[in-house]
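Participant: Before I ask anything, here is the structure I am working with.
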Amino acid sequence: MPRSLDYLARCQRDGQAVIGSSSLAYDVSKPAYPEWAVLPYVNDPGFPQALQELIAHRGVAGIYTPNPVVWSYLHDLLKDMDSPVKLVNASPVHDEMSGYRAATAHARKTQATPLPIATHAGGKAPLAELQLAALFRHGNIIPGMCDDEKISALYEIARHCTRGDVVEIGSAWGKSAFILARLARLYEIGKTLCIDPWQSEYVTQNDDGGLVDNCIHQYDYDEALRVFEINLLPYSANDINYLRLPSVDAEQHYRQRRPVHSPSFGTTTYAGKVALLHIDGNHAYAAALADVTAWAGHVVSGGWIIIDDYIWPYGDGPQRAGDEFLNGNKDRISCAFVMGTALFLQLQ
């Protein structure tokens, strides 16, 4: 089972000795393990003795299995044997269901505590619990830093959003892009355009202390784009696409040409007016300001601008850019609030 191989990788990373075991005469996973043992099937009468011998002869201290039938059997058997050896993982059923249970809990919390947005725009109907749970669950499968509180806030503003394109600056692996695209479809807002150069020369943040910039080398940006495509492609119905360009260059493309083409998503034609702008690109002040300056003019009345990491422990680039827009456009803003680390603005 794939989760066994994931556990093997963690053991090897942590320097923990591990023995693979199977009841198959030939198991395709055997070559991956440094040591191997063959055991009878758990319903074989000889299994308990064979397991005891393996534990004694090989110094086994713990057992991992993602198979729910085997886990349940071993859970009872080890107690009956009064063995000091324990199962090192919780019930696989619990592990498999935990993400879905958490998504349902977040959906119920979001429904029970709606965000009181001070807007004159008429709010659309709330989503059913099942739709909300699906939004949280599928969103949280994708790696990224969009937490559940932000997902709730994005859901609430989508209910109070006019029609037009949804534009995201800085998409990385696609977590928030999925949330935005899904909400745009559910609330018939418009098509989603993701903008990210996915190139190392555009990600230097000039953050205080250099902690962010020091980790840039860990990322493979061609791989990041591939992961983005893998994550978003199953959800696209010709309403998601991307431009692999810096934000300012992408704005020129958007202003001049409505169709956007990519090899993975084909051709998507956009409206040319933005209903929801999510800015989460380079957080250096000059870059954040350039993003806001280039794109805010495309946002229509009733549309939203979200500046992510407005509160950011590594610097104040997004906050300075957001504050300058706030101070310079007071007469255009009908609603403004900070939730989590993001600034949310709705234009009159």
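The values are calculated or read from the model by the stated rules, or taken from the named source; none is laboratory data. Please read these numbers as outputs of a predicted model, since none were measured by experiment. Backbone-built Cβ (ideal geometry, glycine too); neighbour counts: all protein chains shown. The protein model used for the area step is the full one, side chains on, heavy atoms only, and it has no ligands, DNA or RNA in it. Shrake-Rupley method; radii C 1.70, N 1.55, O 1.52, S 1.80 Å.
Participant: Run lengths n ≥ 4 of DSSP H only: what is the helix-derived mean residue ellipticity at 222 nm for the chain, with -39500 (n - 2.57) per run over all residues, to the nearest 500?
Facilitator: It lands at -13000 deg cm²/dmol.
Participant: Would you mind getting the Kirkwood hydrodynamic radius of the stretch 64-193 from its Cα pairs, rounded to one decimal in Å?
Facilitator: One over the average 1/r among Cα pairs gives 17.1 Å for the stretch 64-193.
Participant: Rounding to the nearest 10 and keeping the result within 0 to 90°, find how far the Cα-based axis of helix 92-112 lies from the longest principal axis of the chain.
Facilitator: 30 degrees
Participant: Continuing with the same structure: With the alpha-carbon atoms as the only input, what is the per residue convex hull volume for the stretch 216-348 in Å³?
Facilitator: Values: hull volume 17.2 nm³, N = 133.
Hull volume over Cα atoms, normalised by residue count, gives 129 Å³.
Participant: Can I ask one more? Order the peptides 180-186, 250-256, 214-220 from the highest to the lowest mean number of other Cβ atoms within 10 Å of their residues.
Facilitator: Those peptides, ordered most packed to least, come out 180-186, 250-256, 214-220.
Participant: Can you work out the base-10 log of I(q)/I(0) for the chain at q = 0.11, 0.15, 0.16 1/Å, using the Debye formula on its C-alpha atoms alone?
Facilitator: Taken in order of the listed q values, log10 I(q)/I(0) reads -0.81, -1.18, -1.30.
Participant: Moving on. Tell me, what is the 1.4 Å probe accessible area of E229, in Å² to the nearest 10?
Facilitator: 20 Å²
Participant: To the nearest Å, what is the center-to-center distance of the stretch 16-93 and the stretch 293-348, using C-alpha atoms only?
Facilitator: 56 Å
Participant: May I ask you to rank E35, E201 by accessible area, largest first, using a 1.4 Å probe over the protein chains only?
Facilitator: The ordering from most to least exposed comes out as E201, E35.
Participant: Same structure again: Within a Cβ distance under 15 Å of R10, other residues only, what is the Lys/Arg minus Asp/Glu net charge?
Facilitator: Net charge around R10: -1.
Participant: Could you report the accessible area of W312 in Å², rounded to 10, computed with a 1.4 Å probe on the protein chains as they sit in the structure?
Facilitator: For W312, solvent-accessible area is about 40 Å².
Participant: For H253 and E53 in the same chain, what is the full-extension length gain: residue separation times 0.36 nm, less their Cα-Cα distance, in nm?
Facilitator: Here the answer is 65.1 nm.
Participant: Under a 1.4 angstrom probe, counting protein chains only, how are I151, I311 ranked by accessible area, largest first?
Facilitator: On the way: I151 0, I311 85 Å².
Order by accessible area, largest first: I311, I151.
Participant: What nm distance separates the two modelled labels at A128 and D95, each placed 7 Å from Cα along Cα→Cβ?
Facilitator: Inter-label distance under the simple model: 3.3 nm.
Participant: Test of understanding: what is the full-extension gain from R108 to I19, defined as 0.36 nm times their sequence separation minus their Cα-Cα distance?
Facilitator: Difference between extended and current length: 27.8 nm.
Participant: Once both axes come from the Cα atoms, what is the angle between helix 68-80 and the longest principal axis of the chain, in degrees from 0 to 90, rounded to 10?
Facilitator: 50 degrees
Participant: Here is a follow-up. Share of the chain's accessible area from carbon and sulfur, percent, 1.4 Å?
Facilitator: The nonpolar share, carbon plus sulfur, comes to 54 percent.
Participant: Order the following by accessible area, largest value first: H57, H283. Probe radius 1.4 Å; ligands, DNA and RNA are ignored.
Facilitator: Of H57, H283, the descending order of accessible area is H57, H283.
Participant: Taking a probe of 1.4 Å, how large is the accessible area per residue of the chain, in Å²?
Facilitator: Per-residue value: 51 Å².
Participant: Continuing with this model, one more query. With every protein chain left in place and a probe of 1.4 Å, what is the accessible surface of Y221, to the nearest 10 Å²?
Facilitator: Only protein atoms counted, so the area is about 40 Å².
Participant: Just to confirm the number: angle between the C-alpha axis of helix 175-186 and the first principal axis of the chain, 0 to 90 degrees, nearest 10?
Facilitator: That helix lies at roughly 70 degrees to the long axis.
Participant: Could you calculate the FRET efficiency of R244 with S301 from 1/(1 + (r/R0)^6), where r is the beta carbon distance between them and R0 is 30 Å, rounded to 0.05?
Facilitator: Numbers: r = 31 Å, r/R0 = 1.02.
Computed FRET efficiency for R244 and S301: 0.45.
Participant: Return the tail of the calculated pair distribution for the stretch 234-284, meaning the percent of Cα-Cα pairs more than 18 Å apart.
Facilitator: So the pairs more than 18 Å apart make up 34 percent of the total in the stretch 234-284.
Participant: Length gain on complete extension for the stretch A9 to N43, per 0.36 nm per residue less the alpha carbon to alpha carbon distance?
Facilitator: Extra length from A9 to N43 when fully extended: 9.4 nm.
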